[in-house]
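Right, one structure below, let's go through it.
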Amino acid sequence: MGRRRVVQDARRDREFAAFVAGAAGRLLHAATLLTAEPPGDNPRARRLLTLALAHTYACWDRLRGEDPYDRTRQYLATRFSRAVWHQYGPLGALGRSRPDPDSPLARLSPRERLILVLRLYEGVAEEQAAALLGLPRERVHAICDRATATLLHPPREPAPTVLGPKVVSP
């Protein structure tokens, strides 16, 4: 029985290594978008991806025909969501660490980034994103629309005030 287990473990390791070779780049990019870190310096995104891949490897034998990419993406999203909850609180307000200010996604809240990445980058349907996040489909649609509008139409800088010569009254 020990020989068969060794062969099964080796097969699982090869399959998982092939999966990681094909999917890790796209998943890392999705994690980098979620954390709004610069692509060259993204330790939080790499940690998020490592945790998601470790979870997928741990349940690899139980996938039984399920797409490992979907499972990893779901865990990546839920792990990010939980981390944001613990870091920022339920509303995703202010927190300890900030996204990269040069990132276009930095203007979005973590929830908006999550929904935007799931919907537009990963191509997840509204119904699936809503089920994954535990939100109504209409709420996911509204958040995605608002985030898209924020990215397409950033707030304008206030116009400089022009002050004329100051008149002093006697």
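Quick notes
- Residue check for R137: open to solvent by 80 Å² or more (accessible area, probe 1.4 Å) and modelled with pLDDT of 95 or more: yes
- Among the residues here, V20 qualifies as modelled with pLDDT of 95 or more and surrounded by 11 or more Cβ atoms within 10 Å (Cβ to Cβ).
- Scan of the stretch 92-105 for residues that are at pLDDT below 85 and either touching a helix residue (DSSP H, G or I) at 6+ places or on another chain (Cβ under 9 Å) or surrounded by 10 or more Cβ atoms within 10 Å (Cβ to Cβ) (or both), ordered by number: G92, L94, G95, R96, S97, R98, P99, D100, S103, P104
- Scan of the stretch 39-51 for residues that are of a type outside the set (K, R) and either assigned to a helix (DSSP H, G or I) or surrounded by 12 or more Cβ atoms within 10 Å (Cβ to Cβ) (or both), ordered by number: P39, N42, P43, A45, L48, L49, T50, L51
- Here T78, T150 are screened, and the one residue that is among the β-branched types (V, I, T), closer than 21 Å to L27 by Cβ and modelled with pLDDT under 95 is T78.
The values are calculated or read from the model by the stated rules, or taken from the named source; none is laboratory data. The shown structure was predicted, so the numbers you read here are calculated from the model rather than taken from an experiment. Here the Cβ is made from the backbone with ideal geometry for all residues, glycine too, and neighbour counts use every protein chain on show. Keep in mind that these areas ignore ligands, DNA and RNA; they rest on the heavy atoms of the full protein, side chains included. Shrake-Rupley method; radii C 1.70, N 1.55, O 1.52, S 1.80 Å.
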